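Inspection log for the structure reproduced underneath, given as structure tokens.
The values are calculated or read from the model by the stated rules, or taken from the named source; none is laboratory data. This structure is a prediction, so every number in the text was calculated from the model and none was measured. With ideal geometry, Cβ positions are generated from the backbone for all residues, glycine too; neighbour counts draw on all protein chains shown.
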Amino acid sequence: MRGIGARGRLVSRIDGTPVDVVVIGGGQAGLSAAYFLTRFGVARETGFVVLDRSFGPGGAWQHRWPSLTLSTVNGVHDLPGLAFAEVVDTSAGQVPAASAVPEYYAAYEKRFELPVHRPATVRVVCDRGDHLRVETDTAVYAARGIINATGTWERPFVPWYPGVARFTGRQLHTKDYRTADEFAGQHVLVVGGGISAVQLLDEISRVTETTWVTRSEPRWSNEPFTAELGHSAVARVEDRVRRGLPPGSVVSVTGLPLTPALRAARERGVLDRHPMFSEITETGVRWADGTTLDVDVILWCTGFRSSLDHLAPLNLRNPGGGITMTGRLATQVGKDPRIHLVGYGPSSSTIGANRAGRAAARELLDHLREEGATR
């Protein structure tokens, strides 16, 4: 049976376990949203659940390369209600982030009794009129609203260049990187102008020959990263998503920080940047002027894209690929106020994810209460 429900939505038979909110993703943004749902009085399990595809806590952090330590990581921000230092000894700078952050997230989930279900991979989300059908590999939920916090780690981006299939060497992405030692004796071409690119370039160059290429000239920053600079970067990205454009790069606003390690790398000649090549050959790359370079490895440090394929049936994207966002912190999808995206656009940083989690939880609950009482 189907009829007309609130605000003219088609009402269909409830198919799946009914909950008010499904939080998709158990990383920083998802845990922050879950924390505030409990603070705002939503019942665990019957009112909301968190679905995480990983086998254990930690979000994307548990997959980071071993050499990324607490002393070199680009910021681990406290989740609301529990300081990182209360769980992990932050003075031990050489502790791998891939073990320290999961330890913190596990303690956080336990402290606040968050209803995280894992491993649970969300296959698809469909509109059923008065609810959203959330299909996972183990269960089906009928949700009145969704806070999507899947981040970007599962969607590594590698740009296409002519000849890419001809290359006989090894190609890998930042996501696949583990240690510089595996490249000893090989010539590694590092592609990309972000923070991860220069960090890995510095690390690999200590054990073998490297060449660095980027699409545009890197912009370096000698200024310390301040709150004002961070707010400026976030505001620029927020403006883009509010206009329905794809999120831009925060580094394009802040510039690349010249840390002591990178200053030393520059003195070693490692940061000698080359323009982007025009094609890939069997043994390396070729530039438009005919110059060639033979390399053994191409390391694509070219970023990630938002992991939103499971939301495709909802037709949230605009023709240009962006999603028009609204709400106080631009977490609410303009086309459907039942859906919030945290960890997308301006909330993709660890600091932004906390604020966005709170805003998304508050605004979504306000919307659902307009539609009818929450559990």
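Would you check which residues across region 274-295 are of a type in the set (Val, Ile, Thr) and in contact with a Lys or Arg (Cβ under 7 Å, 6 or more places away or on another chain) and list them?
Matches in region 274-295: ILE280, THR281, THR292.
Which of the following residues is in contact with a Pro (Cβ under 9 Å, 6 or more places away or on another chain), surrounded by 22 or more Cβ atoms within 10 Å (Cβ to Cβ) and at pLDDT 85 or above: VAL188, VAL198, VAL213?
VAL198
If you go through region 185-200 one residue at a time, do you hit one that is among the polar types (S, T, N, Q), outside the structural domain of ALA359 (by TED's automatic domain parsing) and within 28 Å of VAL122 (Cβ to Cβ)?
Taking every residue of region 185-200 in turn, at least one turns out to be among the polar types (S, T, N, Q), outside the structural domain of ALA359 (by TED's automatic domain parsing) and within 28 Å of VAL122 (Cβ to Cβ).
In region 150-167, is there at least one residue being modelled with pLDDT of 95 or more, in a strand (DSSP E or B) and surrounded by fewer than 22 Cβ atoms within 10 Å (Cβ to Cβ)?
Within region 150-167 (the criterion being modelled with pLDDT of 95 or more, in a strand (DSSP E or B) and surrounded by fewer than 22 Cβ atoms within 10 Å (Cβ to Cβ)), the answer is no, since none of the residues qualifies.
Of the residues that sit in region 335-358 and are of a type in the set (Val, Ile, Thr) and at pLDDT 90 or above, which one is surrounded by the most Cβ atoms within 10 Å (Cβ to Cβ)?
Here the residue is VAL342.
With respect to ASP289, determine if the residue is modelled with pLDDT of 95 or more, assigned to a loop (DSSP other than H, G, I, E, B), assigned by TED's automatic domain parsing to the domain that holds ALA361 and more than 21 Å from PHE157 (Cβ to Cβ).
So ASP289 fails the test.
Does HIS187 satisfy the criteria of being out of contact with any helix residue (DSSP H, G or I) (no Cβ under 9 Å at 6 or more places or on another chain) and either among the charged types (D, E, K, R) or over 17 Å from PRO257 (Cβ atoms) (or both)?
So HIS187 passes the test.
Do we find that GLY327 is within 17 Å of the chain's Cα centre (by Cα) and under 28 Å from VAL23 (Cα atoms) in this structure?
For GLY327, the condition - within 17 Å of the chain's Cα centre (by Cα) and under 28 Å from VAL23 (Cα atoms) - is not met.
Looking only at residues in region 97-142 that are charged (D, E, K, R) and in contact with a Cys (Cβ under 9 Å, 6 or more places away or on another chain), which one is farthest from ALA85 (Cα to Cα)?
Among those residues, the one meeting the criterion is ARG133.
Among the numbered criteria (1) in contact with a helix residue (DSSP H, G or I) (Cβ under 7 Å, 6 or more places away or on another chain); (2) closer than 30 Å to ALA265 by Cβ; (3) surrounded by fewer than 21 Cβ atoms within 10 Å (Cβ to Cβ), which single criterion is violated by CYS126?
Evaluating CYS126 over (1) in contact with a helix residue (DSSP H, G or I) (Cβ under 7 Å, 6 or more places away or on another chain); (2) closer than 30 Å to ALA265 by Cβ; (3) surrounded by fewer than 21 Cβ atoms within 10 Å (Cβ to Cβ) leaves (2) as the failure.
When the residues of region 359-375 are filtered to those that are more than 10 Å from PHE40 (Cβ to Cβ) and of a type in the set (D, E, K, R), which remaining residue is modelled with the highest pLDDT?
Filtering region 359-375 for residues that are more than 10 Å from PHE40 (Cβ to Cβ) and of a type in the set (D, E, K, R), the one modelled with the highest pLDDT comes out as GLU363.
In this structure, is ARG178 surrounded by fewer than 16 Cβ atoms within 10 Å (Cβ to Cβ), under 16 Å from GLN199 (Cβ atoms) and under 24 Å from the mean Cα position of the chain (by Cα)?
So ARG178 fits the description; yes.
State whether one or more residues within region 133-140 are buried (at least 17 other Cβ atoms within 10 Å of the Cβ), hydrophobic (A, V, I, L, M, F, W, C) and not assigned by TED's automatic domain parsing to the domain that holds ALA34.
So far as region 133-140 goes, no, none of its residues is buried (at least 17 other Cβ atoms within 10 Å of the Cβ), hydrophobic (A, V, I, L, M, F, W, C) and not assigned by TED's automatic domain parsing to the domain that holds ALA34.
Which one of PRO313, PRO337, PRO319 is free of Cβ contacts under 8 Å to residues at least 12 places away in the same chain and either part of a loop (DSSP other than H, G, I, E, B) or not assigned by TED's automatic domain parsing to the domain that holds GLU209 (or both)?
Result: PRO319 is the single residue among PRO313, PRO337, PRO319 that is free of Cβ contacts under 8 Å to residues at least 12 places away in the same chain and either part of a loop (DSSP other than H, G, I, E, B) or not assigned by TED's automatic domain parsing to the domain that holds GLU209 (or both).
Out of the residues in region 114-149 that are of a type in the set (Ser, Thr, Tyr) and not in a strand (DSSP E or B), which is nearest to VAL213 (Cα to Cα)?
Per the criteria, the residue is THR121.
Since TYR104 meets every condition but one in (1) surrounded by 18 or more Cβ atoms within 10 Å (Cβ to Cβ); (2) in contact (Cβ under 8 Å) with a residue 60 or more places away in the chain, which condition does it not meet?
The single condition TYR104 does not satisfy is (2).
Pick from region 25-51 the residues that are more than 22 Å from GLY372 (Cβ to Cβ) and touching a Gly at 6+ places or on another chain (Cβ under 7 Å): which of them is surrounded by the fewest Cβ atoms within 10 Å (Cβ to Cβ)?
Among residues in region 25-51 that are more than 22 Å from GLY372 (Cβ to Cβ) and touching a Gly at 6+ places or on another chain (Cβ under 7 Å), the one surrounded by the fewest Cβ atoms within 10 Å (Cβ to Cβ) is TYR35.
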